[in-house]
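A short write-up of the structure that comes next.
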Amino acid sequence: MEILIFIIGLIFGSFYNVVGLRLPKDESIIYPGSHCPKCNHKLSWYENIPVLSFIFLKGKCKSCHQRISFIYPVMELLTGILFLFGYLLFGFTESFIISLIISSLVIIIIVSDSKYMIISDGPLIISGLLIIITKLIFEGINKTIMSVLSGLLIFALVYALMLLGNFLFKKESLGGGDIKLSFIAGLALGPLLGIFYIILASFLAFPYAMYITVKREENMLPFGPFLAVSMLLLYFNSNLAILFLKNLLSLR
């Protein structure tokens, strides 16, 4: 079963690469089929096997011999690992289903926000609806409403931080996608971890922010991937994170 879930993750990871690279450009994720972005060579089935094709082709297009970006096999492999880790951690449970949804969203966000600094609405809407439907099935209407309220709380908090940042820095401090993603985080994590998710994302982004400040003239930081990774880390380690926060809050 573990091998099957890992393989399914690889296949979905290949699809998420397409989604993350095409949606921000308003391109169809169905047509045209998989092709080389440099010479438009249409990939045959054996050139489109997740991870393995990259290895067999030695990281180059069969037609034009230009290098294939490492983003493709890395995201495919990472998706497979996340799917497998979710199964090993949660088994076939509600948490496992939500972990698949979150993992999928995180992969798409990393691809799209890192390349284009855009988080498309489509994956956010679909992920939010799937999490709500999952919670309705497993937890019932009352707990689901509380989860939605938690999502709205974190959404409002990040929106307020954006307004404050815009005022202080006199420019856009957070993108709309970052704010919408925070609704998903609050929905999945709850209010306490939802607040911690913002703090953790800031710590994760700090080293990179310092790096681009020193090395680049235009200090643009795609914050979405850090928010997404923060959400993923906290969901996979929710019990440990809650214990840490309780101990922290209990300190005098």
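The values are calculated or read from the model by the stated rules, or taken from the named source; none is laboratory data. Not measured: the values here are computed from a predicted model. Here the Cβ is made from the backbone with ideal geometry for all residues, glycine too, and neighbour counts use every protein chain on show. These accessible areas exclude ligands, DNA and RNA; they are computed on the full protein's heavy atoms, side chains included. Shrake-Rupley method; radii C 1.70, N 1.55, O 1.52, S 1.80 Å.
Taking the residues in region 1-54 that are in a helix (DSSP H, G or I) and acidic (Asp, Glu) as candidates, determine which candidate is farthest from Ile71 (Cα to Cα). Explain how you work it out, then say what you get.
Taking region 1-54 as the starting set, the residues that turn out to be in a helix (DSSP H, G or I) are 2-25, 45-47, 52-54.
From what is left, the residues that are acidic (Asp, Glu) are 2, 47.
Working: Glu2: 24, Glu47: 16 Å.
Across region 1-54, the extreme among qualifying residues is Glu2.
Set side by side, the residues Glu2, Glu27 differ, and just one is closer than 26 Å to Met231 by Cα and among the acidic types (Asp, Glu), which is Glu2.
Out of Leu233, Leu249, report the one residue that is at pLDDT 80 or above, part of a helix (DSSP H, G or I) and either farther than 16 Å from Ile154 by Cα or in contact with a strand residue (DSSP E or B) (Cβ under 9 Å, 6 or more places away or on another chain) (or both). If you could, list the steps in order and put the result at the bottom.
On the way: Leu249 fails: at pLDDT 80 or above.
That would be Leu233, the only listed residue that is at pLDDT 80 or above, part of a helix (DSSP H, G or I) and either farther than 16 Å from Ile154 by Cα or in contact with a strand residue (DSSP E or B) (Cβ under 9 Å, 6 or more places away or on another chain) (or both).
Of the residues making up region 113-128, at least one is touching a residue at least 40 places away in the same chain (Cβ under 8 Å) and at positive phi.
Residue-by-condition table, conditions (1) surrounded by 14 or more Cβ atoms within 10 Å (Cβ to Cβ); (2) over 16 Å from the mean Cα position of the chain (by Cα); (3) closer than 30 Å to Glu139 by Cα:
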site	(1), (2), (3)
Ser14	yes, no, no
Leu21	yes, no, no
Pro32	no, yes, no
Ser44	no, yes, no
Ile55	no, yes, no
Tyr72	yes, no, no
Gly80	yes, no, yes
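The conditions of being surrounded by 21 or more Cβ atoms within 10 Å (Cβ to Cβ), in a helix (DSSP H, G or I), touching a Pro at 6+ places or on another chain (Cβ under 8 Å) and at pLDDT 95 or above are not met by Leu100.
Consider Leu164 carefully, then state whether it is open to solvent by 80 Å² or more (accessible area, probe 1.4 Å) and touching a helix residue (DSSP H, G or I) at 6+ places or on another chain (Cβ under 8 Å). No: the conditions fail for Leu164.
Restricting region 149-161 to residues that are touching a residue at least 24 places away in the same chain (Cβ under 8 Å) and touching a Pro at 6+ places or on another chain (Cβ under 9 Å), the residue that is most open to solvent (accessible area, probe 1.4 Å) is Leu153.
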